[in-house]
Amino acid sequence: MLAYLRGTVMAKAGNGVVVAVGDVGYRVFVVAPLRDQLQVGDAVALWTYEVVRDERRELFGFPTADTLALFEQLITVSGVGPKSALGILALGDPQEIRDAIAREDAVYLSKVVGVGRKTAERVIVELKGKMQELAPSVLPGVSHTTDGDILVALEQLGYKAREVRDVLRSLPPSGTSEEKLKAALQALGRG
């Protein structure tokens, strides 16, 4: 299963983009604001979620691991499929959406085409208590959203959250996400 893509935008295709990675082009569904922002030739890095149904495969892409985590929670709700979840994510950043769920704002959530009031209320009922679990940027020992993304990525690779947080605390606060991820992997490899 594909978990992450880094490449170049080859084309915009409907409600997604085609990302060239080496000699392969992946069609990736993304939220409308990201699709509108991306231009052909832009470098892009996306956390991905792959859906395999019968003879069809779809790939959904997200700019951060935090956004991917929220997407994964949204699609657990009955009546919310991947495309409806993308619509909900297009409403704002993940924290805004969590806040809307926490304050039980069904009107905000039902602005999405295909998400009616009943579905919005189901999202609130099923996810309201889980919203703190979805915010890696507020985990103890993790100070930045970038660190939260690294935490989620390393947990997906099988590392324990506690050991990752300890390593993240020991890293210098400056540096790109890629540099910090590489340093964290090196430190975890020594342990």
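The values are calculated or read from the model by the stated rules, or taken from the named source; none is laboratory data. Keep in mind the model is a prediction, meaning the values are calculated, not measured. Positions of Cβ are backbone-derived with ideal geometry, glycine not excepted, and every protein chain shown enters the neighbour counts.
Can you work out which of the residues in segment 88-103 that are closer than 25 Å to T8 by Cα and surrounded by fewer than 21 Cβ atoms within 10 Å (Cβ to Cβ) is nearest to the chain's Cα centre (by Cα)?
Restricting to residues being closer than 25 Å to T8 by Cα and surrounded by fewer than 21 Cβ atoms within 10 Å (Cβ to Cβ), the top hit is D93.
Name the residues in segment 63-75 that are assigned to a helix (DSSP H, G or I), without any contact (Cβ under 8 Å) to a residue 60 or more places away in the chain and within 10 Å of the chain's Cα centre (by Cα), would you?
T67, F71, E72
Just for segment 33-54: of the residues that are part of a strand (DSSP E or B) and small (G, A, S), which one is nearest to Y4 (Cα to Cα)?
A45
Suppose we filter S84, S78 for residues that are in a loop (DSSP other than H, G, I, E, B), at pLDDT below 95 and surrounded by fewer than 21 Cβ atoms within 10 Å (Cβ to Cβ); which single one remains?
When all the criteria are applied, what remains is S78.
Here is a check on your reading of the model: is A69 surrounded by fewer than 16 Cβ atoms within 10 Å (Cβ to Cβ), under 27 Å from L151 (Cβ atoms) and among the aliphatic types (A, V, I, L, M)?
So A69 does not fit the description; no.
Quick check: is even one residue across segment 55-62 part of a helix (DSSP H, G or I), surrounded by 14 or more Cβ atoms within 10 Å (Cβ to Cβ), in contact (Cβ under 8 Å) with a residue 12 or more places away in the chain and of a type in the set (D, E)?
no
List the number of the failed condition for R6; all other conditions in (1) assigned to a strand (DSSP E or B); (2) in contact with a Ser or Thr (Cβ under 7 Å, 6 or more places away or on another chain); (3) not hydroxyl-bearing (S, T, Y) hold.
R6 satisfies every listed condition except (2).
What number of residues within segment 5-20 satisfy the criterion of being within 17 Å of P33 (Cα to Cα), hydrophobic (A, V, I, L, M, F, W, C) and buried (at least 18 other Cβ atoms within 10 Å of the Cβ)?
Total meeting the criteria: 3.
Just to verify a result, which residue in segment 20-32, among those that are touching a Gly at 6+ places or on another chain (Cβ under 9 Å) and not aliphatic (A, V, I, L, M), is farthest from L5 (Cα to Cα)?
Step by step, filter segment 20-32, then rank; the result is F29.
With the checklist (1) modelled with pLDDT of 80 or more; (2) out of contact with any Lys or Arg (no Cβ under 8 Å at 6 or more places or on another chain) in hand, flag the one item D149 doesn't pass.
(1)
Limited to segment 96-113, what total is found for residues that are among the aliphatic types (A, V, I, L, M) and part of a loop (DSSP other than H, G, I, E, B)?
Summing the residues that are among the aliphatic types (A, V, I, L, M) and part of a loop (DSSP other than H, G, I, E, B) in segment 96-113 gives 2.
Being farther than 23 Å from F60 by Cα and at pLDDT below 75, is that true of even one residue in segment 115-136?
Looking for residues that are farther than 23 Å from F60 by Cα and at pLDDT below 75, one finds at least one in segment 115-136, hence yes.
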